[in-house]
1. Run Gly242 past the list (1) in a helix (DSSP H, G or I); (2) touching a residue at least 40 places away in the same chain (Cβ under 8 Å); (3) within 22 Å of Gln172 (Cα to Cα) and report the number of the one that doesn't hold.
2. If I filter the stretch 69-81 down to residues being under 20 Å from the mean Cα position of the chain (by Cα) and over 11 Å from Arg130 (Cβ atoms), which single residue comes out as surrounded by the most Cβ atoms within 10 Å (Cβ to Cβ)?
3. If Gln322 satisfies all but one of (1) within 24 Å of Thr384 (Cα to Cα); (2) assigned to a helix (DSSP H, G or I); (3) touching a residue at least 40 places away in the same chain (Cβ under 8 Å), what's the number of the condition it fails?
4. I'm checking my understanding of the structure. Among residues of the stretch 229-254 that are closer than 29 Å to Ala75 by Cα and surrounded by fewer than 18 Cβ atoms within 10 Å (Cβ to Cβ), which one is modelled with the lowest pLDDT?
5. Identify the single condition in (1) in contact (Cβ under 8 Å) with a residue 60 or more places away in the chain; (2) assigned to a loop (DSSP other than H, G, I, E, B); (3) in contact with a strand residue (DSSP E or B) (Cβ under 8 Å, 6 or more places away or on another chain) that Pro257 does not satisfy, given that it satisfies every other one.
6. Checking Leu200 against (1) aliphatic (A, V, I, L, M); (2) without any contact (Cβ under 8 Å) to a residue 40 or more places away in the chain; (3) part of a loop (DSSP other than H, G, I, E, B); (4) surrounded by 21 or more Cβ atoms within 10 Å (Cβ to Cβ), which single condition isn't satisfied?
7. Quick check: is even one residue across the stretch 261-275 at pLDDT 95 or above, of a type in the set (Gly, Ala, Ser) and surrounded by fewer than 18 Cβ atoms within 10 Å (Cβ to Cβ)?
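The values are calculated or read from the model by the stated rules, or taken from the named source; none is laboratory data. The model shown is predicted, which means the values in this text are computed figures rather than measured ones. Here the Cβ positions follow ideal geometry from the backbone for every residue, glycine too, while neighbour counts run over all protein chains shown.
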Amino acid sequence: MAALVVRGVPGVLKRAHFATIPRRHRHKKKWAATEPKFPATQLALQNFDMTYSVQFGDLWPSIRVSLLSEQKYGALVNNFAAWDHVSGKLEKLGARDFVNDSISHGELEPESGQTATPSLASGTCSPNLRCFTFTRGDVSRFPPARLGSLGVMDYYLMDAASLLPVLALGLQSGDTVLDLCAAPGGKTLALLQTGCCRNLAANDLSTSRTVRLQKVLHSYVPQDIRDRNRVRVTSWDGRKWGELEGDTYDRVLVDVPCTTDRHSLHEEENNIFQRSRKKERQMLPMLQMQLLAAGLLATKPGGHVVYSTCSLSHLQNEYVVQGTIEFLANQYSIKVQVEDLSYFRKLFMDTFSFFPSCQVGELVIPNLLANFGPMYFCKMCRLT
């Protein structure tokens, strides 16, 4: 109570002082007109400076300057185009296929007392993916993708770190697959590139975003392949998927809406740090937990789920994973096990910079020499 009284004193004094000024000399602030309106990008940076400086400590200045610098891209080769010809063109630019180069050269010889790094052949990575990047420190850009001789686009430009959740999913031939938050479509396209999907359900709540997804599929995937893979595009509420199609899928990708940290620092449009979206931003971890829970409920016992974000926030990353696992155990008696992805750090250390201290999952952090990410991903197996 005393604190309340103390806090009220300055206000009383201000009112008393105001009352002593003759009315003709009084000036009222017009708040709407005179208060500075900070752009959402600046609000995002202020928020990150407060939270990430604590979360990352001495690493934050390096991550910060990288986030504010130009992003690096990868070129995902379209296997439905003349992929060998496309790969040759990308090699001539000086780029390398980081997926297959890393796997072929990064299967480390086991040191004393250690086991060998899991390989592509062992089914730990989704197969058939080819993505070219320029080497560390090389800031060259890829030319825009073009329509190839087979009537589809040659390659898809994306943050190469966005491919890691798809690789981690470990697709195998004949899998039924759900991409719960699929738009704008890069990861959905990558799932199809594996050639493993017997059925692929690609969903996104936003109908405008599913239109973008459909455009990607039409630009990169021939009609007969779309039909043969039985690609189903929907705009349902992903939080209800466990009720709609429970215990159905072999593999589920849950790439949730998040603060999209890099976008939030560079783009005013659709920026979640706009003042009008404050409540939406605060509710993100709850939405993310609901989506991950739905994805796990839609998975068959023995199936796998990969959860991913493009945020650095542990509140949206590890905490969501741990909270969802606890929720499913308490409410549904479903046991979920987090799988170790530390070998991804070994396989892809020449391409990405990984944060070494995630409680669960892996996090690619932006670095000026390898300015991909952020990208968090965590693989889970539904046991029961």
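1. Of everything listed in (1) in a helix (DSSP H, G or I); (2) touching a residue at least 40 places away in the same chain (Cβ under 8 Å); (3) within 22 Å of Gln172 (Cα to Cα), Gly242 misses just condition (3).
2. Lys72
3. Unmet condition: (3).
4. Arg230
5. (3)
6. Exception for Leu200: condition (3).
7. There is no residue in the stretch 261-275 that is at pLDDT 95 or above, of a type in the set (Gly, Ala, Ser) and surrounded by fewer than 18 Cβ atoms within 10 Å (Cβ to Cβ).
Results for (1) of a type outside the set (Phe, Trp, Tyr); (2) part of a loop (DSSP other than H, G, I, E, B), shown as yes or no for each residue.
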residue: Lys346; (1), (2): yes, no
residue: Ser357; (1), (2): yes, yes
residue: Val360; (1), (2): yes, yes
residue: Leu363; (1), (2): yes, no
residue: Gly373; (1), (2): yes, yes
residue: Phe377; (1), (2): no, no
residue: Met380; (1), (2): yes, no
